[in-house]
Amino acid sequence: MFPDLTRDDVFRIETRRLWLRWPMARDAEAVSRLAGDPAVAGMTARLPSPLPLHEAESFVIRARAANTAGEGLIMALCRRAAPANLIGVVSVTGRPDEPEPRLGYWLGTPFWGEGLMTEAALALVDAAFAYAGQPALVSAAMIGNRGSQRVLEKCGFRRTGESAPVFEARGGAVPSYDFRLDRGTWLDRRGMAVGGRSA
């Protein structure tokens, strides 16, 4: 899915306030603490709360393996002023049961309300379309998770319907909105962002 450029752990994406870099072993403690927070885990499909350290360590190993294989791009979010300190994760990954890659993300509660997740998601969406040539991306947000819905809308995703996927960590089906962003819409948005016209 992703090219050689992203398959090396020196790869990173810089935004105005953030670094997006590969997860590292030293990130496991922050993943366990921040992602295991009930306010964060409770809005995700797979994160348990609490999140044991060994599971966070396994996540880092799986993320690095997926990045190395080009099967996805799973990036740690850090403030540019503190690039060693993980504050969240954003990813584009493929699933065997889905034809289009999925955008996923979480952000530690101390960093909510600053627009950081939108900034990170926009950067990774750009990377997925620019580097991997994806025709479209999909995502989902729980019906009650207005914050996540706003992130997707600000990234240009359009709501395509409702579903009730089984969220393993939530114990069953959870009503959710489905979202999709196609390459044409992304190009149009980029053209508007730079004041030009898309190719």
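Bear in mind these aren't lab numbers, they're just calculated from the coordinates by the rules spelled out. Note that this is a predicted model, so its numbers are computed, not measured. When we count neighbours, we look across all protein chains shown, and the Cβ atoms used for this are built from the backbone with ideal geometry, even at glycine.
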Euclidean distance between Cα centres, region 132-160 to region 96-111, Å: 9 Å
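Could you size up the charge dipole of region 4-193 around its Cα centre, putting +1 on the beta carbon of Lys and Arg and -1 on that of Asp and Glu, and report it in debye to the nearest 20? Could the numbers behind the result be given before it?
Values: 24 positive and 22 negative charges, 98 e Å.
Approximately 460 debye in magnitude.
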Cα-only Debye scattering, the chain: base-10 log of I(q)/I(0) at q = 0.08, 0.10, 0.13, 0.18 Å⁻¹: -0.24, -0.39, -0.68, -1.40
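Calculate, for Ser58 and Trp112, the FRET efficiency according to 1/(1 + (r/R0)^6) with r their C-beta to C-beta distance and R0 25 Å; round to the nearest 0.05.
0.45
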Dipole moment magnitude, nearest 20 debye, region 1-71 about Cα centre, only Lys, Arg, Asp, Glu C-beta charged: 200 debye
Taking Val90, Val125, Val40, Val10 and counting other C-beta atoms within 10 Å, the order from fewest to most: Val10, Val40, Val125, Val90
Those residues of region 22-59 whose amide nitrogen sits under 20 Å from the label point placed on Asp9, 7 Å along Cα→Cβ: 22-33, 53-59
Additional length obtainable on full extension of the chain from Ala25 to Arg95, 0.36 nm per residue less Cα span: 22.7 nm
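Can you tell me the relative contact order of region 4-193? Whole percent, Cα pairs under 8 Å, sequence separation 6 or more.
On the way: 339 pairs, mean separation 35.5, N = 190.
Value for region 4-193: 19 percent.
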Share of Cα-Cα pairs in region 96-146 lying beyond 13 Å, as whole percent: 66 percent
